[in-house]
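Asker: I'd like to ask some things about the structure below.
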Amino acid sequence: MSIQALAPAKINLFLHVGAVDAENYHPLSSLVAFAEVGDLLTVERADRLSLSVVGPFGAGLAAEPDNLILRALRHLGQATGAGEPPLKVTLDKRLPIAAGLGGGSSDAGAALNLARQALSLDVSDEALEAVAGVIGADGPMCLRARTAWAEGRGEVLTDEPRLPPLPVVLFNPGVPSPTGAVYRAYDAGLVQSADRPVRPLDWSTASVIAWLAQQRNDLQPPAIALTPEIGEALAAVAAADGVALARMSGSGATIFGLCQTQTEADAAAATLADAHPNAWVQSSILALK
């Protein structure tokens, strides 16, 4: 018997980044939400651990000998003392790669949750988060997959239940934006601070979008400098009818456009897809999980 779960796209609604510390990490402050689109994970019991990758963006992972899913599941086996989980895992890769959507971390988080369920493991949420943290700072937040403030290196999480459902259009121009290169370019330029903004007093959709417009993504300028197509994508989304705020997510290259209504988001996605047939375009909603 197989079980499935969505590994949702992670969106950094804003991303304030400080100077690199002595351990070569960047402090950050971000409000993170998750879309209702993402990769699809399927697991079933098997004789040994294996991973198959399919889907529209699966070929881009074919050369990876050991991706985050396998690393996370092996760490889970070590943490429980049970060895490698005997699971057949299938990843339907629907999100673009190196897209600023937390795809790999979200895949690993979904795999950990499914493994606990499929194997009836006696592992607490806290222990599972510790395993997720081994694969990177995004691990615990993607394991939770719910709206949260992220601070520290991204591992200090505070749930934010007041964020309203936000209609969104997602646009990826079809070019990768490697995280390491973007951070190096950021370090070589104007370095900001990981300041935490005062939270909104009014959590209505219009007020939240207006508040977010006052924030920034500090990685957006260096990402655009490295990959001009990101700037072109940002301009295209910002110009679409119904889009109230356009910004890059994470280290790019995906641009998100927030709208007041789902009808506006759907219409913006249709217009953008027609005008940019080689881009990846989706409308969705950022919702509390």
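The values are calculated or read from the model by the stated rules, or taken from the named source; none is laboratory data. Everything numeric in this text was worked out from a predicted model, so none of it was measured. Because the Cβ atoms are built from the backbone with ideal geometry, glycine has one as well, and the counts that use them run over all protein chains shown.
Asker: Tell me which residues, restricted to the range 55-83, are of a type outside the set (Gly, Ala, Ser) and surrounded by fewer than 15 Cβ atoms within 10 Å (Cβ to Cβ).
Answerer: The answer is PRO56, GLU64, PRO65, ASP66, GLN78.
Asker: Another question, if that's okay. Kindly indicate the residue of the range 200-225 that is over 22 Å from the mean Cα position of the chain (by Cα) and of a type outside the set (A, V, I, L, M, F, W, C) and also surrounded by the most Cβ atoms within 10 Å (Cβ to Cβ) among those meeting that condition.
Answerer: PRO200
Asker: Pairs, please: C-beta under 9 Å, at least 6 apart or cross-chain, first residue buried (at least 17 other Cβ atoms within 10 Å of the Cβ) and in the range 143-169, second modelled with pLDDT under 95 and aromatic (Phe, Trp, Tyr)?
Answerer: Pairs found: ARG153/TYR25.
Asker: Taking the conditions exactly as written (of a type in the set (A, V, I, L, M), at negative phi and surrounded by fewer than 18 Cβ atoms within 10 Å (Cβ to Cβ)), does ALA273 satisfy them or not?
Answerer: Answer is yes for this residue.
Asker: Hey, does the range 163-174 have a residue that's in the same structural domain as ALA22 (by TED's automatic domain parsing), within 15 Å of SER249 (Cβ to Cβ), in a loop (DSSP other than H, G, I, E, B) and at pLDDT 95 or above?
Answerer: no
Asker: Hey, another quick one. Given the conditions (1) within 29 Å of THR158 (Cβ to Cβ); (2) in contact with a Lys or Arg (Cβ under 6 Å, 6 or more places away or on another chain); (3) without any contact (Cβ under 8 Å) to a residue 40 or more places away in the chain, report the number of the one that TYR25 does not fulfil.
Answerer: (3)
Asker: Determine if the range 125-132 includes at least one residue that is buried (at least 20 other Cβ atoms within 10 Å of the Cβ), outside the structural domain of ASN172 (by TED's automatic domain parsing) and touching a strand residue (DSSP E or B) at 6+ places or on another chain (Cβ under 9 Å).
Answerer: No, the conditions are met nowhere in the range 125-132.
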